[in-house]
Structure formats: C-alpha cells, structure tokens
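Beneath this line is the structure, given in structure tokens, with notes to follow.
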Amino acid sequence: MTFNDKNFMLKNEPAQKIYEQIKDQPIFDYHCHLDPKEIFEDKVYDNIVDLWLGGDHYKWRLMRANGVSEEEITGSASKLDKFKAFARTLEKAYGNPVYHWSAMELKNVFGVEETLTESNAERLYHQLNDYLVEHHISPRKLIADSKVTFIGTTDHPLDDLEWHQKLAADSSFDTVVAPTFRPDEAFIEHRNFVNFVNRLSDKTALEITDFSSFVKALEKRIAYFAEHGCKASDISFTEIVFEPATKAELDQLFGKVKAGDTPNLLEIKQWQTAVFAELCRLYKQYGFVTQVHFGALRNNHSGIFNKLGADVGVDSLGDQTALAISMNRLLDDLVQKDSLPRMIWYNLNPAYNIAVANTLQNFQANEDGVPGYLQFGAGWWFADTKLGMISQMNALAEQGMLANFVGMLTDSRSFLSYQRHDYFRRILSNYLGEWIVDGEVPEDYEALGQVAKDISYHNAVAYFA
C-alpha cells in the first residue's frame with residue numbers, strides 16, 4: 001500500500017465504494033474556534049508558519065515532546081527555524097494524528113505529495129510561501145475550496161457579534177457563519193467570574209444582585225445571540241455534577257463570591273448544577289443545540305501557562321467518580337422540568353464512552369420526532385484520533401443508533417483543519433466497510449452509502465435546522 005494515496009485509510013473494497021459516495025460532500029462545521037474577523041477581512045497569507053503553526057497547540061505539544069525549545073515553538077525564532085523544527089518533529093511522529101493531518105493538508109491544499117522532513121524543510125518552506133501568494137490563499141478561499149456551507153464559531157456571551165453581522169450582510173460570501181453562545185465565565189470557579197458579572201450588568205443595563213437577576217441578564221444575552229443567527233451553545237466542564245441547592249443558598253453563594261470569597265467544592269457543584277439547568281431551560285426556549293464538552297484538566301504546566309496563557313498545549317484528559325449517577329440525575333432533572341434541549345455530549349476520556357452513550361439512550365424520547373435528540377458527540381481533542389473515532393462509533397452503534405450521528409466537527413483554530421473531515425470520512429467508510437467484509441451487515445452499498453452521507457453531512461444539517 002502507498003501512504004496517503006487515494007485509498008488512504010480504506011483497507012478493503014467495500015470501504016472504497018462507500019467513500020466514493022461521500023468524499024465530495026460539503027461540510028457543515030457546527031463547532032470550531034475560527035475567528036469571524038479573519039473570515040471577514042479575508043487577508044491573503046504570505047507565510048506558511050502563520051497559517052500552519054500559529055496557535056496550533058496540537059503541533060506545539062508534539063514539538064515539545066521532541067525536545068524542541070520553546071524559542072522555536074512560541075518564541076522569537078525565525079519562521080524558517082520554526083518550520084524546520086516542526087519538520088524534524090513530524091518526520092518521527094508516526095502514529096500521531098498530526099502526522100496524518102499534516103500529510104493530508106500538504107497534499108490536498110498545496111499539492112505536495114512528498115513527506116515533510118528536516119532535509120526538504122527549507123525548500124518546501126519557500127515553495128509553500130510562494131504557493132500562498134500565487135494562489136491567493138485566504139480564509140474564504142480555504143473555506144470555499146473545502147465546500148463548507150456552515151461554520152459555528154465559539155463566542156463570548158458579551159460579544160457584540162460585529163463580524164458575524166458583517167459576514168451576514170456580505171452577499172459575496174455564501175457560507176453561513178453563526179455565533180455560538182459560550183458562557184464559561186458564568187460559573188463561580190472561573191477566575192473572571194466577578195468581572196464577568198459586572199460587565200454583564202453593564203451590557204444588559206440590569207442590576208444583578210442575586211441568582212434570579214443573574215439568570216435574567218444571561219437570558220437577555222441569549223436573546224441577542226438568537227437575533228443574530230445563533231444555532232447553538234457550548235460549555236466546558238471539568239466534571240459532570242448534580243448537586244441541587246435552594247434559591248436562598250444560591251443567593252447567599254452569589255453574594256459570597258461577589259464579595260471576593262473563595263467558594264468550596266460543594267458550592268462550586270451547586271452553582272454549576274443550578275446555572276446549567278437554567279441555561280438549558282433557556283436554550284430549549286430559544287432553540288439552541290446545547291453542546292457539552294467535559295473531562296479536560298486545563299493549564300497543568302503552570303510555568304508555560306503563566307508565560308503564554310491558556311490553550312497552548314499543556315492540558316490533559318481527566319477522570320471523575322460517579323459520572324453515570326451525576327449524568328443520569330442531571331438529565332432526569334431537566335426532563336422533569338421540561339427543560340431538556342437538543343444536546344451533544346463530547347467526552348474527552350474514552351474510558352467513559354460506553355457509560356455516556358448508554359446514559360444518553362435513557363432520555364431520547366421526544367415528541368418532536370428528532371432522531372438522536374441527545375447526541376454522543378465525535379471524539380474530540382485527545383480522542384480526535386483514528387482509535388478515538390472508532391471507539392466513539394463502537395459505543396454509539398452498540399448502545400444507540402450510529403445512523404443518526406451528526407458526525408464530525410473541526411473544533412480547531414486553523415483554516416487548514418477541514419482535512420479532518422476527510423480523515424473522519426475515510427475512517428467512517430472503512431468502519432462500515434469492515435462490517436460488510438465480516439458479514440455483519442448486508443452488502444447494500446445504497447443503504448450504507450446513505451448512512452455514510454447522513455453522518456457526514458445531512459444529519460447535522462437537519463439537527464441544527
């Protein structure tokens with residue numbers, strides 16, 4: 001077999017036949033971290049390092065593992081030296097998904113079929129830079145070339161959504177770029193909570209004195225997002241908890257934290273439970289898909305975090321006790337309050353895949369006729385790998401219905417990351433193809449092809465409609 005050829009990751013003929021049916025489908029990228037301002041301004045890139053390595057903590061993490069100095073990763077080294085440092089890392093990164101993603105990006109975007117190594121790094125550096133300028137490679141061109149019909153960005157609750165409005169008014173750009181409501185700072189353990197409350201009060205012209213007024217102000221911002229095309233919310237929790245509290249307890253807790261006191265673990269859980277329940281009620285009311293990412297331990301290397309800030313490659317997958325108990329109680333509480341919105345749950349630790357997929361099936365009943373009302377989301381971050389994707393699909397297929405899966409998302413800050421959708425489609429095709437080879441499903445390429453098409457595109461379009 002030849003590396004990264006047309007049958008890359010497709011190990012059998014059935015897989016190749018299924019992939020042929022989905023390879024050219026458009027992309028509905030419902031969750032990412034792209035900057036809408038960059039999309040609107042659409043500046044042509046002139047250096048491959050800015051496009052390929054800038055802000056990419058997947059690559060930074062890998063380079064540190066290869067002994068590359070921080071100077072050549074995030075420091076003041078020349079762009080050529082940074083490119084060379086990545087090249088000598090990549091040429092030994094067998095088995096890491098970055099190895100595959102990088103090869104696909106070089107081939108599919110730039111037409112470079114040779115493998116990047118330290119020996120050809122300088123030549124390819126100049127070749128890629130020339131290509132960027134000659135072909136006017138910009139955010140919108142990369143989006144259009146990848147056939148992206150929808151982009152869901154990740155946005156602060158107090159954002160004015162200026163750039164989303166400008167994009168919506170630009171008739172020359174066909175892709176819908178919608179905001180996503182991401183209120184991480186609404187939770188008391190966040191270091192910016194008090195500042196967030198003050199800014200929220202100013203933004204909404206509401207006096208926030210207790211839990212109820214805090215929720216009222218959040219609703220005002222949710223309504224603003226809804227008016228500007230928002231289709232979804234997102235949140236990241238370290239753990240899934242369920243710890244009910246009375247309104248009096250929440251009011252007292254709000255006053256305590258607002259005064260500068262540090263909440264204890266029980267209080268953090270109580271606030272998370274209450275605020276998330278109110279957000280879910282509002283998300284259902286305004287029609288937002290509720291995305292829940294959980295299980296990340298963030299900013300573990302304090303030295304690098306203090307120097308560079310968050311999202312720089314020093315995060316880990318976490319663990320927790322009583323996940324199934326907490327998750328079942330939380331979802332049941334939402335059902336009893338008629339506050340359960342459409343939800344996508346992203347689990348970072350694959351050890352919990354079966355428990356998460358199994359739990360979600362308890363609460364799929366809905367009178368709206370929505371297939372997969374609660375979604376077990378694609379493997380993300382450290383599970384955004386070949387084995388991670390297969391593990392997620394195994395759990396979903398065995399515990400629920402794989403055919404209703406809303407599929408892949410980019411979850412990236414890079415405009416080159418749309419190749420991850422092709423990577424996923426190849427793995428999905430091979431996964432279904434192996435079922436045919438093993439005699440576990442009929443050799444019906446029309447039926448399985450439709451399943452693959454739905455997972456790759458159509459399910460997400462319908463789900464976020």
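Observations on the model:
- Under Karplus coefficients 6.51, -1.76 and 1.60, residue-wise ³J(HN,Hα) of region 299-311 in Hz, glycine/proline x: 6, 6, 8, 4, x, 5, 4, 5, 7, 10, x, 7, 6
- Across the accessible surface of the chain, with the other protein chains kept in place and a 1.4 Å probe, carbon and sulfur atoms take up 48 percent.
- Projection of the Cα convex hull of region 289-343, averaged over all directions and equal to a quarter of that hull's surface, yields 5.1 nm².
- The amide H of His31, built 1.01 Å from its N in the peptide plane, has Gly152, Thr410, Asp411 as neighbours under 5 Å, considering only residues 5 or more places off or on other chains.
- Under-5 Å amide H pairs with Val289, H placed in peptide plane, nonlocal only: Ala232, Ser233
- Of the GluC sites (Glu not before Pro) found in region 136-233, the ones in coil according to DSSP and having at most 11 other Cβ atoms within 10 Å of their Cβ are Glu207.
- Largest accessible area first, the listed residues Arg123, Arg342 line up as Arg123, Arg342 when surface is computed with a 1.4 Å probe on the assembled protein chains.
- Derived scalar couplings ³J(HN,Hα) [region 402-414; Karplus, 6.51 cos²θ - 1.76 cosθ + 1.60; whole Hz; x for Gly, Pro]: 4, 5, 9, 5, 7, x, 7, 9, 7, 6, 9, 9, 10
- Residue-wise HN-Hα coupling along region 43-58, computed from phi with Karplus coefficients 6.51, -1.76, 1.60 (Hz; x: Gly, Pro): 6, 6, 6, 10, 9, 5, 5, 4, 7, 9, 10, x, x, 8, 6, 4
- The value obtained for region 132-243, namely the Cα convex hull volume divided by the number of residues, is 157 Å³ per residue.
- Per-residue [θ]222 nm for the chain (sum of -39500 (n - 2.57) over DSSP H runs n ≥ 4, rounded to 500): -14500 deg cm²/dmol
- If you take the alpha carbon atoms of region 44-137 and fit the smallest convex hull around them, that volume is 86 Å³ per residue.
- Loop-located trypsin sites (Lys or Arg not before Pro) across region 1-110 with a Cβ neighbour count of 11 or fewer within 10 Å are Lys6, Lys43, with loop assigned by DSSP.
- Accessible area (Å², per residue) of the chain, counting only protein heavy atoms and a probe of 1.4 Å: 43
- With only the Cα atoms considered, region 313-429 has a convex hull volume of 123 Å³ per residue.
- Share of Cα-Cα pairs in the chain lying beyond 45 Å, as whole percent: 11
- Neighbours of Arg221 by Cβ distance under 10 Å: Lys/Arg scored +1, Asp/Glu scored -1, total 0.
- For the chain, a simple Cβ point-charge model (Lys and Arg +1, Asp and Glu -1, everything else neutral) yields a dipole of about 420 debye relative to the Cα centre.
The values are calculated or read from the model by the stated rules, or taken from the named source; none is laboratory data. What you are looking at is a predicted structure, and each value in this text was computed from that prediction instead of being measured. Cβ sites come from the backbone with ideal geometry, for glycine too, and all protein chains shown count toward neighbours. The accessibility values were calculated without ligands, DNA or RNA, using every heavy atom of the protein model including side chains. Shrake-Rupley method; radii C 1.70, N 1.55, O 1.52, S 1.80 Å.
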